[in-house]
Amino acid sequence: MDYFNYGILGLVQGLTEFLPVSSSGHLAIFKNLLDEGFGDLGLTYDILLHLATLFAVFAVYYKDIWSLITGFFALVRDIFKRQVDLDKNPNQKFVIMVLIASVPAALVGFLLGDAIETLPFIFVGFALIITAIEMIISSKMKPGKITLENAKLKDAILPGLFQGFAILPGISRSGSTVTGSFLSGFDRAFAVKFSFILSIPVILGSALFDIIDIITGTADAPLLGPTIFGMIIAAVSGYLSIKFMIKLFAGNKFRYFAYYCGLAGTAVIIWQLFVIL
């Protein structure tokens, strides 16, 4: 059953990573439903699945990611030459905005990572309800007019704070960063792009720490064959999920995810109350 269970988790990760429903929360739910000893893996398999979904981000936004890479090296060059002009170099501005918005999540993960892993499962239910509230707020907001061309560096702060909050299982990262982007005045297209690309440094940073734990023996490595199988499913389903979300975000369908997260969160709370009592 290893391939089946790992494949199910890969599908859940791929479909929910970019939907505003919290992939970490859904992975926790399905791990409890499958009850096949996934708990001893900690976050290892979760992180590997997140890495797999990065391939989906690269596939959809490869032009923007390449612009970020070239923009980063151009920024370093201009810093040494003391010729930095972000108004004339939007790619360099995008690099700094991504770095600024990544700081809160890095701090939360570094300071509270171990504590987050020990949160009781019922917490996911309450967090999903918080995600539902976020989606209701987003659905009622009118699009702003900020794009990369007219954005200021300070505009990256609020999406970054929301992403830091979304480290908690059950809080949607994509939903939170999009909500934060809307509150900052981003237009829909830029908010979605910024949210998806913002996942790259957070996932890579988490993976780096987890790989170190595996090497030092403080984390268990998952089964190789089933893991690769699950990662492939996560990458393919993640690609399809991004394509779907780009169209869905443009149509402002957030309220449907609010209904779903509210029901799912309530179901988890009731389920766990029965277990506790």
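The values are calculated or read from the model by the stated rules, or taken from the named source; none is laboratory data. Treat the numbers as computed from the prediction; the structure is a model and nothing was measured. Neighbour counts are summed over all protein chains in view; Cβ atoms, including those assigned to glycine, are modelled from backbone coordinates with ideal geometry. Calculation scope for accessible area: heavy atoms of the full protein, side chains included, ligands and nucleic acids excluded. Shrake-Rupley method; radii C 1.70, N 1.55, O 1.52, S 1.80 Å.
Scanning the range 73-93 for residues that are over 23 Å from F190 (Cβ atoms) and open to solvent by less than 70 Å² (accessible area, probe 1.4 Å) yields V76, D78.
Looking at the structure I just gave you, is F209 modelled with pLDDT of 75 or more, closer than 21 Å to E17 by Cβ and among the hydrophobic types (A, V, I, L, M, F, W, C)? No; evaluated as a whole, the condition is false for this residue.
Here I146 clears all of (1) touching a strand residue (DSSP E or B) at 6+ places or on another chain (Cβ under 7 Å); (2) closer than 26 Å to L112 by Cα; (3) open to solvent by 20 Å² or more (accessible area, probe 1.4 Å) except the condition numbered (2). Condition check for G125 on (1) more than 21 Å from V268 (Cβ to Cβ); (2) more than 17 Å from the chain's Cα centre (by Cα); (3) crowded, with 17+ Cβ neighbours inside 10 Å: one failure, at (1).
Filtering the range 99-115 to residues that are open to solvent by less than 30 Å² (accessible area, probe 1.4 Å) and over 17 Å from L208 (Cβ atoms) leaves A101, P104. Across the range 128-142, the qualifying residues are those that are within 19 Å of the chain's Cα centre (by Cα) and among the hydroxyl-bearing types (S, T, Y), and the one among them that is surrounded by the most Cβ atoms within 10 Å (Cβ to Cβ) is T131. Scanning the range 257-266 for residues that are under 21 Å from A56 (Cβ atoms) and either open to solvent by less than 70 Å² (accessible area, probe 1.4 Å) or aliphatic (A, V, I, L, M) (or both) turns up at least one hit.
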